[in-house]
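Please read the structure below before turning to the comments.
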There are 2 protein chains.
Amino acid sequence: MRLNATVGSLLGFLHEGPQSGWDLVTTAQQVIGDFWSLTRSQVYRELTAMAQQGLIETAETGPRDRTAYRLTAQGRRAFREWLAQPPGEEQIRYPLLLTLAFARHLDAEQLSGFLASHRAVHADRLHSYRQQQAAALAAGAVARDLVTLDFGLRYEAAVLDWFDHLPDDLTVPVPPVADGTGA
Amino acid sequence: MRLNATVGSLLGFLHEGPQSGWDLVTTAQQVIGDFWSLTRSQVYRELTAMAQQGLIETAETGPRDRTAYRLTAQGRRAFREWLAQPPGEEQIRYPLLLTLAFARHLDAEQLSGFLASHRAVHADRLHSYRQQQAAALAAGAVARDLVTLDFGLRYEAAVLDWFDHLPDDLTVPVPPVADGTGA
DNA sequence: GCGTGTATAGTCCACAGTGGAATGTCAAGG
DNA sequence: CCTTGACATTCCACTGTGGACTATACACGC
């Protein structure tokens with residue numbers, strides 16, 4: 001009965017006290033959203049399964065259909081086991097690089113538009129990370145609390161650097177490709 | 001009829017001439033494998049659908065059950081349309097950061113073991129990227145041909161840097177966590 | 001010529017992850 | 001009292017992942 005990483009992290013969050021699916025989505029977005037994704041659908045799906053397996057139990061039902069869950073002893077055990085497994089490798093999927101890989105089939109102006117807008121996204125993210133860092137430091141956080149944020153900072157800085165060192169002739173008209181029907 | 005990125009890139013590869021599913025998996029792994037993933041299952045699944053939609057057609061059938069596909073005019077059109085769409089944002093999922101986010105529940109020695117092995121993976125990748133770069137340059141490639149590789153180089157360098165600036169007290173014993181049953 | 005291992009080639013399936021539509025409830029303010 | 005927006009969950013279709021399974025062709029050693 002191996003847990004997947006999503007279930008593992010949900011169990012991790014429940015260590016801070018009972019939460020509903022809605023709460024967990026919010027928490028996850030804030031705490032691990034920069035390097036892990038999990039969607040509403042998935043959270044509710046997993047919560048149901050987790051309850052069935054006895055990893056969590058209903059803590060309280062509030063207004064609307066709100067159902068908060070609490071860790072069980074079994075859930076706590078399962079979490080520790082999961083956390084002790086060697087974490088898998090990272091996965092990156094970056095559609096912009098796909099576009100770039102096929103850039104010779106693309107209009108130069110469109111390409112430079114795409115690049116500009118993606119660059120802006122990364123610049124914004126870097127800016128927001130810096131603010132988060134400053135705020136955390138002001139609130140008394142130490143380096144240990146900032147490792148994942150630091151990852152984001154370095155990542156975004158590197159990506160921006162990459163944008164700023166792209167060769168010019170990327171967005172310069174290239175003679176139309178032969179577009180051969182065969183090899 | 002919007003194509004997904006996987007179909008888009010398959011169409012892209014077929015511009016180089018007819019290929020079978022098997023070939024396409026190999027090509028994709030080599031050309032876009034560092035920032036995009038696609039699995040055998042998916043390739044064959046999509047090829048069937050693409051053929052049904054008239055984006056590709058059977059080019060030849062070889063030994064074993066080999067079936068090579070060729071682009072149709074419609075497929076070429078669909079590819080251009082797909083490529084002209086603004087590419088989506090990148091997705092990153094890094095389980096190690098998840099582990100790190102819950103590090104206070106984890107044994108210091110285990111954590112440092114995980115960190116060491118992940119660091120090694122990134123060091124290897126950086127090394128291999130450098131070799132690829134050198135080989136490409138030696139073969140006469142220009143900057144324009146190396147943009148995606150350059151992304152990988154900068155990414156891996158940044159990640160390694162991050163590893164090398166992790167605070168020491170990450171892997172220093174932390175007083176056992178209270179592990180409260182509730183809030 | 002004859003096995004036999006390895007690379008090639010494809011199929012199938014269960015599970016995980018994504019994104020949006022649909023549904024409903026409660027709270028606040030005019 | 002009515003509308004608007006935040007809260008909360010469910011459901012679905014599609015996409016993506018990874019492994020098990022089958023089978024054929026070919027190179028090689030004998």
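The values are calculated or read from the model by the stated rules, or taken from the named source; none is laboratory data. Not measured: the values here are computed from a predicted model. Don't worry about glycine lacking a Cβ; one is built from the backbone with ideal geometry, like all the others, and counts go over all protein chains shown.
Restricted to region A:18-52, and to residues there that are away from DNA strand C (no atom under 12 Å from the Cβ) and without any contact (Cβ under 8 Å) to a residue 12 or more places away in the chain, the residue that is farthest from A:G75 (Cα to Cα) is A:Q30. In the set B:L10, B:L98, only one residue is under 30 Å from A:D150 (Cβ atoms) and within 12 Å of another protein chain (Cβ to nearest Cβ); that residue is B:L98. Determine if region A:68-75 includes at least one residue that is closer than 25 Å to A:S128 by Cβ, away from DNA strand C (no atom under 11 Å from the Cβ) and either touching a residue at least 12 places away in the same chain (Cβ under 8 Å) or assigned to a helix (DSSP H, G or I) (or both). No: region A:68-75 contains no residue that is closer than 25 Å to A:S128 by Cβ, away from DNA strand C (no atom under 11 Å from the Cβ) and either touching a residue at least 12 places away in the same chain (Cβ under 8 Å) or assigned to a helix (DSSP H, G or I) (or both).
Only residues that are of a type outside the set (K, R) and within 11 Å of chain A (Cβ to nearest Cβ): list them for region B:128-155, please.
B:V142, B:A143, B:D145, B:L146, B:V147, B:T148, B:L149, B:D150, B:F151, B:G152, B:L153, B:Y155 - these are the residues of region B:128-155 that are of a type outside the set (K, R) and within 11 Å of chain A (Cβ to nearest Cβ).
Assigned to a loop (DSSP other than H, G, I, E, B), surrounded by fewer than 14 Cβ atoms within 10 Å (Cβ to Cβ) and within 16 Å of DNA strand D (Cβ to nearest atom) - does that describe any residue in region B:41-61? Among the residues of region B:41-61, not one is assigned to a loop (DSSP other than H, G, I, E, B), surrounded by fewer than 14 Cβ atoms within 10 Å (Cβ to Cβ) and within 16 Å of DNA strand D (Cβ to nearest atom), which makes the answer no. For region A:117-127, does any single residue satisfy the condition of being assigned to a helix (DSSP H, G or I) and farther than 21 Å from A:L97 by Cβ? There is at least one residue in region A:117-127 that is assigned to a helix (DSSP H, G or I) and farther than 21 Å from A:L97 by Cβ.
When the criteria are applied in full, A:R64 meets the requirement of being exposed (fewer than 12 other Cβ atoms within 10 Å of the Cβ) and either more than 13 Å from DNA strand C (Cβ to nearest atom) or more than 15 Å from A:N4 (Cβ to Cβ) (or both).
Determine, yes or no, whether A:F79 is facing another protein chain (nearest Cβ under 9 Å) and under 27 Å from B:T6 (Cα atoms). Answer is no for this residue.
Of all residues in region B:91-120 being free of Cβ contacts under 8 Å to residues at least 12 places away in the same chain and within 16 Å of DNA strand D (Cβ to nearest atom), which is surrounded by the fewest Cβ atoms within 10 Å (Cβ to Cβ)? Ranking the candidates gives B:Q91 first.
Within region B:6-34, the set of residues being buried (at least 20 other Cβ atoms within 10 Å of the Cβ) and closer than 19 Å to B:Q91 by Cβ comprises B:V7, B:G8, B:S9, B:A28, B:I32, B:D34. In the set (1) part of a helix (DSSP H, G or I); (2) within 12 Å of DNA strand D (Cβ to nearest atom), A:R64 fails one condition alone, (1). When A:W36, A:W82 are screened for being touching a helix residue (DSSP H, G or I) at 6+ places or on another chain (Cβ under 8 Å) and assigned to a helix (DSSP H, G or I), only A:W82 passes. The number of residues in region B:155-183 being modelled with pLDDT under 65 and of a type in the set (D, E) comes to 1.
Here B:L55 meets each of (1) within 12 Å of chain A (Cβ to nearest Cβ); (2) farther than 30 Å from B:H122 by Cβ with one exception, condition (1).
Entry remark, region B:101-127: residues being within 22 Å of the chain's Cα centre (by Cα) and more than 8 Å from every other protein chain (Cβ to nearest Cβ) number 9 in total.
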